[in-house]
Amino acid sequence: MSKDSEQITPLAAMRKVGITHAFETLLWAPRKHVDYTCLCQASELPDMIDQRVMLELTIGSEPIKHPTKKGAFHVWVVDGAGAEHRLTVFGDVRFTPWKQIPVGDRAFVVCKPSLYNERIYLNGPELVPAEWAHRVMPVYAGKAGVLAAAVVGKAVGESIKDNAVVAETCFAIREAFSGMEEADILQLAGIRGNLALLLYGLHNPRSMQMAEWAMKSARKLAVAYVKHSAEQASHRPLRMLTMIRTSEEDVRALMARLPFSPTTGERSQEQAIVAIARLLAEPYAMDAILSADVGVGKTLCYMVPSVAAQAKGARVCILVPNTILAEQIAGEFRHCFPECPVALVTDATKGVAIDWEENPIIVATTRIFSVAKRAKWHPNLLVIDEQQKMSVEQREALCTEDTNVLEASATPLPQTLALLQYGGKDRIEVDKRHAQQTIHSYVVDQSHRQRMFAKLKETVEAGYQVAVIYPRVEGKSEDDVKSVITAGERFERLCPGQVIVLHGKLSTEAKLEAMQLAREGQKKIVVASSIIEIGITIENLRMLIVVEADRYGVSTLHQFRGRLARKGGEAWFFAYLPREVEEETLARVELLTRTTNGFELAELDMQQRGFGDLGRDGTATSGKARTLFRSIELMPEDFEPADAARAAA
């Protein structure tokens, strides 16, 4: 046999998913265990009707292709009482392991007996691997298109037999917990036994009871690791260079110069501005979340401390998702503090030189990454407006270890919520509004379409503006009405001269011109893509429809809703589902009807989606937290028993 034709070993195959050492295979947890310890006798079959049982059968024939059922074949077998049975097995007869068993040999088979016309039939037969008969077999998940589950099982099976590999895995777990002693790790996780016993229970259990204990213990260990990682990620060393010596007096003097008054009292703009200034003055790099719901004026909350920091010589960057929002925020800075230099870094300002000596506050889109790299410029204060639009890698590329980071969001990411809970991330909350606002939120299907558009007509006739958000800019076909361009043409025929179309494929100049027309109220109907999601202010907007709302996440839908009644008043939000969606998807969209508070909505979303990767280097911002063990995925409810126990203690 040539070297090229030799079969790759299971451990070598695991390199496809980043596993390069044998001990890492033992951190790939089974997704379940199957009990093959109980053997059913043929005489017991009448009492086991419609139950899954394991039988020892004698093979009576080679697999025979089924005459009528595609992808199926027959195998004749004989049970312990001498009765013959014809098994129908689904699969490709050419590659089935049934072909490897000689006629006359015995095999262990799991099936479900049924009774028909006083005859017992064996249904859904599955061949039990010979080595797992009379044992509890772990079942692993592979990676679709990359690594077969059977290969994972073989690699793990080889590793668990090697005591040295088991010992290395125990050491790796200790290393993951920053070198803690094993006894301390077990106490932290609230589990008994030892780490080696846990690994044997996962991969080679003596009984189902042992397997169940091991799975529960591994889940507890994973929870403990998540919390430990989050806490480690929050440790900020003492660093004098991170201090920006802003004071409460500085920011109060700036607030006194504003052309309007900030909100005051608990969870107000004033309180948030002072809190940010205090954090900047500490000798630790700020890592905080400004949780300010849509419509409460979070821009002002970071604007005043940013101006105060720039006055002290600090380099400040405001990072935003799109050009339109960047133009809007830069305009607000210039309006409120005309003496403070501000520079825009967007696609619209390519070729415009920045006077770095002037130390302007940079209001930028992601274009700042390339500009800052060329200029070797790093901010002392980075404000990320609407964090769900910026990746962890992008933020880290711009920051140094001395950069103060403030993330401003109406709906914090599930990852951020978890770090707030377990990782010591600072939270500054603002929910006090300048004006009373009432938003009615509905999730509607095709049957309510006429009533919804009747409300649209009524809103326009009352002198207000409406926006309709479509998932695509251009239609897939001429009759595709669920696109911005097609819908814009249709609305223009119905309401001539009253429609503005806004989407990302417009030139920067066209987008800014369209937004100006919308802001000035010259057009009553705004037909748009998701470009108006973040921070865009259209003061007279009183109704918004999101077509195919299931295509968007909860935070995006809440941002859409946040465009309504920005200066107070009553408004209507419709999440329109023109086609049937899955129950889980509907439940996600319906979260919008349960609360209008962004932070509460983010917590509800976290309960459904999970935390994400909680480590400092984590990139998954939502979804089940998969850490320490592969295939053990954690949801918020996994943390609740541990939190309750900690509170009781």
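Tabulated data
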item	result
Residue under evaluation Arg15, criteria (1) in the same structural domain as Val151 (by the TED database); (2) surrounded by 14 or more Cβ atoms within 10 Å (Cβ to Cβ), criterion not met	(2)
Options His74, His33, His21, His85; residue that is touching a strand residue (DSSP E or B) at 6+ places or on another chain (Cβ under 6 Å), farther than 16 Å from Leu122 by Cβ and of a type outside the set (Asp, Glu)	His33
All positions within region 320-366 that are in a helix (DSSP H, G or I) and within 14 Å of Asp385 (Cα to Cα)	Thr323, Ile324, Leu325, Ala326, Glu327, Gln328, Ile329, Ala330
Residue count for region 168-208, restricted to those that are closer than 16 Å to Phe629 by Cα and part of a helix (DSSP H, G or I)	21
Of all residues in region 242-257 being part of a helix (DSSP H, G or I) and open to solvent by 40 Å² or more (accessible area, probe 1.4 Å), the one that is farthest from Lys312 (Cα to Cα)	Ala256
Yes/no for Lys567 being at pLDDT below 85, open to solvent by 30 Å² or more (accessible area, probe 1.4 Å), touching a strand residue (DSSP E or B) at 6+ places or on another chain (Cβ under 7 Å) and not assigned by the TED database to the domain that holds Ala292	no
Ala311 vs. criteria touching an Asp or Glu at 6+ places or on another chain (Cβ under 8 Å) and either open to solvent by 40 Å² or more (accessible area, probe 1.4 Å) or assigned by the TED database to the domain that holds Ile538 (or both)	yes
Which numbered condition Gln446 misses (of (1) among the polar types (S, T, N, Q); (2) more than 31 Å from the chain's Cα centre (by Cα); (3) at pLDDT 90 or above; (4) surrounded by fewer than 18 Cβ atoms within 10 Å (Cβ to Cβ))	(2)
Ala149 being open to solvent by 50 Å² or more (accessible area, probe 1.4 Å), hydrophobic (A, V, I, L, M, F, W, C) and farther than 24 Å from Lys65 by Cβ	no
Checking Cys317 against (1) at pLDDT 90 or above; (2) more than 24 Å from Leu517 (Cα to Cα); (3) not in a strand (DSSP E or B), the condition it does not meet	(3)
Failed item in (1) part of a helix (DSSP H, G or I); (2) more than 32 Å from the chain's Cα centre (by Cα), with Pro262 passing the rest	(1)
Counted residues, region 57-99 - those being more than 45 Å from the chain's Cα centre (by Cα), surrounded by fewer than 13 Cβ atoms within 10 Å (Cβ to Cβ) and outside any loop (DSSP other than H, G, I, E, B)	2
Subset of region 564-584 that is among the aliphatic types (A, V, I, L, M) and in contact (Cβ under 8 Å) with a residue 40 or more places away in the chain - its residue that is nearest to Arg433 (Cα to Cα)	Ala565
Residue within region 267-276 that is outside the structural domain of Gly568 (by the TED database), open to solvent by less than 80 Å² (accessible area, probe 1.4 Å) and closer than 29 Å to Ser178 by Cα present	no
Every residue from region 280-302 that is open to solvent by 10 Å² or more (accessible area, probe 1.4 Å) and assigned to a loop (DSSP other than H, G, I, E, B)	Ala281, Glu282, Pro283, Tyr284, Ala285, Asp293, Val294, Gly295, Gly297
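The values are calculated or read from the model by the stated rules, or taken from the named source; none is laboratory data. Please read all numbers here as calculations on a predicted model, not as lab measurements. Don't worry about glycine lacking a Cβ; one is built from the backbone with ideal geometry, like all the others, and counts go over all protein chains shown. In case anyone asks, the SASA skips ligands and DNA or RNA and just uses the protein heavy atoms, side chains included. Shrake-Rupley method; radii C 1.70, N 1.55, O 1.52, S 1.80 Å.
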